[in-house]
Amino acid sequence: MTITQTEARDAMLRHHRTLDEQVGIRVAALGGAVDDGIAYEPAVAALVTYLAEEVLPHAVAEEHTIYRVAGARADLADMVTEMIDEHRVLTSAVESLANAATAPAALEQAREIGTFFTAHVNKENELLLPILFEDDDVDLAQLLVQMHRL
């Protein structure tokens, strides 16, 4: 089955929305646990697991597909470098969250991750993907297939 450029872009946008929503749900659950004074560790574990199993692998797949293609363009090279750096910041933040010693520290780190991740996704959706979508030399459908393989 072959998909169009528009379908590929829309699938990428939907996936980003899902990732961002799921991070937000887990951050809110942690906030609820801390506010209610109940054990917060399960909520931290759920957020860290989601980030480690879904978000970070997605970031690596992007680096090997979308970012590789985008980084070859002079007008996007700096943005791609910045976005790869953001992936490293996110990885470090996840490690910090996993090692947070107190409920307030965990919640603060989780909220920072949520805000940071939303901004990163918005940058991809609003700046990077539209340029690639308009480039006749970029096959978003093929890049999507490659991302899924990774």
### Query
Does residue 38 meet the test of being assigned to a loop (DSSP other than H, G, I, E, B), free of Cβ contacts under 8 Å to residues at least 12 places away in the same chain and open to solvent by 50 Å² or more (accessible area, probe 1.4 Å)?
yes
### Task
Would you mind telling me which numbered condition in (1) open to solvent by less than 30 Å² (accessible area, probe 1.4 Å); (2) part of a helix (DSSP H, G or I) residue 138 fails?
(2)
### Query
With 115, 81 as the choices, which residue is of a type in the set (Val, Ile, Thr), closer than 15 Å to residue 55 by Cβ and free of Cβ contacts under 8 Å to residues at least 60 places away in the same chain?
115
### Spans of helices (runs of 4 or more DSSP H) in region 65-129 with at least 3 residues under 16 Å from the mean Cα position of the chain (by Cα) and loosely packed, with under 12 Cβ neighbours inside 10 Å
77-98
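Filter region 1-35 for residues that are among the aliphatic types (A, V, I, L, M), assigned to a helix (DSSP H, G or I) and farther than 19 Å from residue 118 by Cβ and give the result.
Hits for region 1-35 are 8, 11, 33, 34.
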### Query
Does residue 22 meet the test of being farther than 20 Å from residue 122 by Cβ, in contact (Cβ under 8 Å) with a residue 12 or more places away in the chain and surrounded by 15 or more Cβ atoms within 10 Å (Cβ to Cβ)?
no
### Query
Only one of (1) closer than 18 Å to residue 42 by Cβ; (2) among the aliphatic types (A, V, I, L, M); (3) modelled with pLDDT under 95 is not met by residue 94, so which one is it?
(3)
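The values are calculated or read from the model by the stated rules, or taken from the named source; none is laboratory data. Keep in mind that this is a model prediction, so the values were computed, not measured. FYI the Cβ positions are ideal-geometry reconstructions off the backbone, even for glycines, and counts take in every protein chain you see. Each accessible area value is taken on the protein alone, full model and side chains, heavy atoms only, with ligands, DNA and RNA left out. Shrake-Rupley method; radii C 1.70, N 1.55, O 1.52, S 1.80 Å.
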